[in-house]
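Okay, so here's the structure we're looking at.
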Amino acid sequence: MKKTKADEKYDLIVIGGGASGLMAAGTAAAKGKQVLLLEKNDRLGNKLRITGGGRCNITNATFDRREFLAKFGRSEQFLYSPLAQFGIEDTFKFFEARGLPLVVEARNRVFPKSQKAADVFLVMERYVTNKKVEIIKSNPVFKLNVDRSAGRILSIKTKQGTYSAQNYLIATGGSSHPETGSTGDGFKWLAEIGHTVNTPSPSVVPLKVTDAWVKALSGVSLSFMKITFYLDDRKAFAATGKILFTHFGLSGPLILNLAQRVADLLRGGIVTAKIDCYPETDLGALERQLLKVFDQNKNKTFKNIAKEIAPKGLDQTLLGFGVIPDPERRVHEITRDERQRLARWLKALPLSIEGLMGLDRAVISDGGVPLVEVDPKTMKSRLYENLYLTGDILHINRPSGGYSLQLCWTTGYVAGQLN
């Protein structure tokens, strides 16, 4: 009888053709292993193709390992061994050796020089195809067949049949951007076979606000703004950076990386915020600046000088708030009290935080298998001796800025050693 694909024995079956799955499959194949890569979508790397707004933030050029790992919070200790095996320098060498030059931008974010995520994907696709990885697309996995007493995965059941191998690797990602196929399938299978799975929630995600003035500014981006968050009118924390206004609220790197802290506040009560448009100028100095502008434009109407007072894009918001009643008034008619009120407004634009956007808007979601159930030296499950777990399957919180993809390259490489 002729052998079918389902009867073949592989050294490794990788489930999931994203960043960590491609890295693991290519790495194992480069060691001479027979590798099968299964992907439920009709093409590989759907999320990789859109990451970083289509530019692909490959890693973060923080070469001090301790400083880099500090961004991972409680997961820092776990990641020491994996990062020692495949670190940031290795990521640079990997891509540049394959004809993809990289550039370092603000906040140490690293992008392909072409600014195209598709070029990163092409490098990874060539990596697995050149190493003769067998790839089957449009083949979703239904379940893992296991021998719990022996602590081994026996086979996997898929749409196209049952496959078996010496080793198995789950790289199906988390639950952010479900439109790419990242729908938390791996979490379901792992829970079924006895792994703990922490429920996914959006962790690097935009904020929803109730204020109409914010939504009216959709598309406006303000650099170097200070935002202060309050819980039940008591100051909680503040941060400074770039803020992007959207049709649902606030986004941009600063907001995305504060989302988890805001989520913690929301569990405790009513959360509000204030934006300081001039964080490097104290209130007294700002009042003097306003007085100077007023003196230079005494006979103009207030609405005609609003652009000289408010940050770019905020002039209509300033007029709409009614801080200065009747914007048709001449500047010389504005009272001292009104000018001081204007200065206070520019230092504290009020916001009401409704909540976080959902997993469909999340750049990163948390949740997944707790790290105590994974060997950091190998990425091997501590419950099943022939099962490896990589990337967003692991419960590791981190900020945006290249940290997620470095996690994928690192854990995929380590698991692909099949140690």
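The values are calculated or read from the model by the stated rules, or taken from the named source; none is laboratory data. As the structure is a prediction and not an experimental result, all values here were calculated from the model. Cβ coordinates were reconstructed from backbone atoms using ideal geometry, including for glycine residues, and neighbour counts include every protein chain displayed.
Brief remarks on what is shown
- Among the residues making up region 367-419, a single one is outside any strand (DSSP E or B), within 18 Å of Phe72 (Cα to Cα) and without any contact (Cβ under 8 Å) to a residue 12 or more places away in the chain: Val372.
- Out of Leu100, Leu144, one residue alone is modelled with pLDDT of 95 or more and not in a strand (DSSP E or B). It is Leu100.
- Pair list, Cβ < 6 Å and 6+ apart or interchain, from region 89-117 residues that are free of Cβ contacts under 8 Å to residues at least 40 places away in the same chain and assigned by TED's automatic domain parsing to the domain that holds Glu67 to residues that are charged (D, E, K, R) and part of a loop (DSSP other than H, G, I, E, B): Pro101/Lys113; Val103/Lys113
- Residue check for Leu122: assigned to a helix (DSSP H, G or I), surrounded by 19 or more Cβ atoms within 10 Å (Cβ to Cβ) and modelled with pLDDT of 95 or more: no
- Within region 269-313, if we keep just the residues that are touching a helix residue (DSSP H, G or I) at 6+ places or on another chain (Cβ under 7 Å) and in contact (Cβ under 8 Å) with a residue 60 or more places away in the chain, the residue that is nearest to Phe237 (Cα to Cα) turns out to be Val271.
- Within region 47-99, the set of residues being of a type in the set (A, V, I, L, M, F, W, C), in contact with a strand residue (DSSP E or B) (Cβ under 7 Å, 6 or more places away or on another chain) and more than 26 Å from Leu258 (Cβ to Cβ) comprises Phe92, Phe95.
- Applying the condition of being basic (Lys, Arg), out of contact with any Pro (no Cβ under 8 Å at 6 or more places or on another chain) and modelled with pLDDT of 90 or more to region 50-83 and asking which residue is farthest from Gln417 (Cα to Cα) yields Arg66.
- Complete set of residues in region 192-239 that are β-branched (Val, Ile, Thr) and either without any contact (Cβ under 8 Å) to a residue 60 or more places away in the chain or assigned to a strand (DSSP E or B) (or both): Val204, Val209, Ile227, Thr228
- Every residue from region 19-43 that is modelled with pLDDT under 95 and either touching a Lys or Arg at 6+ places or on another chain (Cβ under 6 Å) or buried (at least 22 other Cβ atoms within 10 Å of the Cβ) (or both): Asp42
- Residue list for region 105-114, filter: surrounded by fewer than 20 Cβ atoms within 10 Å (Cβ to Cβ) and either at negative phi or at pLDDT 95 or above (or both): Glu105, Ala106, Lys113, Ser114
- Helices (runs of 4 or more DSSP H) contained entirely in region 242-311, each with at least 3 residues that are out of contact with any Leu (no Cβ under 6 Å at 6 or more places or on another chain) and either surrounded by fewer than 19 Cβ atoms within 10 Å (Cβ to Cβ) or of a type in the set (Ser, Thr, Tyr) (or both): 253-266, 283-296
- The one condition in (1) over 30 Å from Gln34 (Cβ atoms); (2) surrounded by fewer than 16 Cβ atoms within 10 Å (Cβ to Cβ); (3) of a type in the set (Lys, Arg) that Lys93 fails to fulfil: (1)
- The condition (being modelled with pLDDT under 90, among the charged types (D, E, K, R) and either within 30 Å of Glu333 (Cα to Cα) or more than 20 Å from the chain's Cα centre (by Cα) (or both)) is satisfied by just one residue among Arg267, Arg234, Arg261: Arg267.
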